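Worksheet: one structure, shown below.
The values are calculated or read from the model by the stated rules, or taken from the named source; none is laboratory data. Fair warning: this is a prediction, and the values are worked out from it, not measured in the lab. As a convention, Cβ positions derive from the backbone with ideal geometry for all residues, glycine included, and neighbour counts pool all protein chains shown. Just the protein is used for accessible areas: all its heavy atoms, side chains included, with ligands, DNA and RNA removed. Shrake-Rupley method; radii C 1.70, N 1.55, O 1.52, S 1.80 Å.
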Amino acid sequence: MAQTSLQDTTLRLGVNIDHVATVRNARGGQTPDPVRAAKLAEEAGADGITAHLREDRRHITDTDIDALMEALNVPLNFEMAATEEMQKIALRHKPHAVCIVPEKREERTTEGGLEVARDENKLAHFIAPLRDAGCRVSIFIAADQRQIEAAHRIGAEVIELHTGAYCDAHAEGDFAKRDAELAALREMSSFAHSLGLEVHAGHGLTYETVQPIAAFPEVRELNIGHFLIGEAIFRGLTPAIAEMRRLMDDARG
Ligand code: PXP
């Protein structure tokens with residue numbers, strides 16, 4: 001979020017507030033307000049707020065993005081698909097960071113990483129104006145060397161590694177698969193760092209799965225949403241975030 005050098009080893013927590021909007025939209029009213037959740041997350045020690053404006057506006061809306069840009073003191077990481085409409089919105093707001101994610105209408109959440117290698121030219125042209133506008137461009141990708149090399153070639157400054165397969169394998173009790181996914185994430189985080197890319201990670205992280213990822217020395221930011229918003233039902237948002245922060249710091253220490 002704040003501009004940092006590759007030598008800096010602090011680990012930031014970006015709190016994704018999409019699912020506060022999911023609950024609000026289930027009733028179609030004003031509550032719970034994702035901006036209020038973002039402000040609370042900020043007070044609880046989040047280093048940034050992540051929000052995904054989907055093409056179908058199923059959770060975060062354009063009005064939420066306007067309000068977040070106005071209200072936040074920490075950086076906004078604006079997640080979006082590589083579409084002309086989203087590019088226009090990002091260029092209007094110029095958020096601190098733009099994370100490009102793949103998006104399919106029928107999916108429940110972002111299922112895989114972006115296919116960068118196949119669409120290299122198109123993506124290079126797509127991100128150039130965002131970079132020119134001063135946004136840090138991040139690409140959400142699988143732990144795959146080909147994709148990381150392509151992200152580097154198109155001029156991205158940051159990659160966010162998709163931790164979903166690792167977290168799913170843990171939840172399913174398939175520990176051999178989980179450990180293989182973790183090994184790939186570790187290797188690719190080190191590879192991306194060696195190219196000069198800043199490394200972030202996220203998707204599906206929980207109290208049980210966060211520490212092995214937080215322990216990778218190259219990872220500079222974790223973006224976590226669904227689990228934290230769910231956990232907030234039981235213990236409140238501030239303690240839920242504080243516990244995640246504690247686990248991250250422990251793993252780092
Ligand atoms: N990072 C990216 C790029 C995402 O798309 C998401 C999900 O919106 C997250 C992180 C957070 O994932 P989760 O909500 O499962 O913690």
Looking only at segment 210-232, which residues are closer than 14 Å to Ala41 by Cα and either of a type in the set (Val, Ile, Thr) or in a loop (DSSP other than H, G, I, E, B) (or both)?
Ile224, Gly225, Ile229
Taking the condition part of a loop (DSSP other than H, G, I, E, B) and under 26 Å from Cys167 (Cα atoms), does Glu103 pass?
yes
Single unsatisfied condition, Ala67 versus (1) surrounded by 21 or more Cβ atoms within 10 Å (Cβ to Cβ); (2) away from the ligand (no atom under 14 Å from the Cβ):
(1)
Being within 16 Å of the ligand (Cβ to nearest atom), surrounded by fewer than 19 Cβ atoms within 10 Å (Cβ to Cβ) and outside any helix (DSSP H, G or I), is that true of even one residue in segment 198-206?
yes
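What about Gly29, is it loosely packed, with under 13 Cβ neighbours inside 10 Å and farther than 21 Å from Lys94 by Cβ?
Working: loosely packed, with under 13 Cβ neighbours inside 10 Å: yes; farther than 21 Å from Lys94 by Cβ: yes.
In short, yes.
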Residue by residue through segment 99-116, note down the ones that are modelled with pLDDT of 80 or more, open to solvent by less than 40 Å² (accessible area, probe 1.4 Å) and within 11 Å of the ligand (Cβ to nearest atom).
Cys99, Ile100, Val101, Pro102, Gly113, Leu114
Under the condition of being touching a helix residue (DSSP H, G or I) at 6+ places or on another chain (Cβ under 6 Å) and under 17 Å from Gln87 (Cα atoms), which residue from segment 131-148 is surrounded by the fewest Cβ atoms within 10 Å (Cβ to Cβ)?
Ala133
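Taking the criterion of being hydrophobic (A, V, I, L, M, F, W, C), under 19 Å from the mean Cα position of the chain (by Cα), within 15 Å of the ligand (Cβ to nearest atom) and closer than 19 Å to Glu149 by Cα, would at least one residue in segment 219-230 satisfy it?
Step one: filter segment 219-230 for residues hydrophobic (A, V, I, L, M, F, W, C), giving 219, 222, 224, 227-229.
Pick out the ones that are also under 19 Å from the mean Cα position of the chain (by Cα) and you get 219, 222, 224, 227-229.
Restricting the remaining residues to those that are within 15 Å of the ligand (Cβ to nearest atom) gives 219, 222, 224, 227-229.
Right, trim to closer than 19 Å to Glu149 by Cα and you get 219.
Within segment 219-230, one or more residues are hydrophobic (A, V, I, L, M, F, W, C), under 19 Å from the mean Cα position of the chain (by Cα), within 15 Å of the ligand (Cβ to nearest atom) and closer than 19 Å to Glu149 by Cα.
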So, in segment 33-47, of the ones that are under 17 Å from the mean Cα position of the chain (by Cα) and of a type in the set (Asp, Glu), which residue ends up surrounded by the fewest Cβ atoms within 10 Å (Cβ to Cβ)?
Glu42
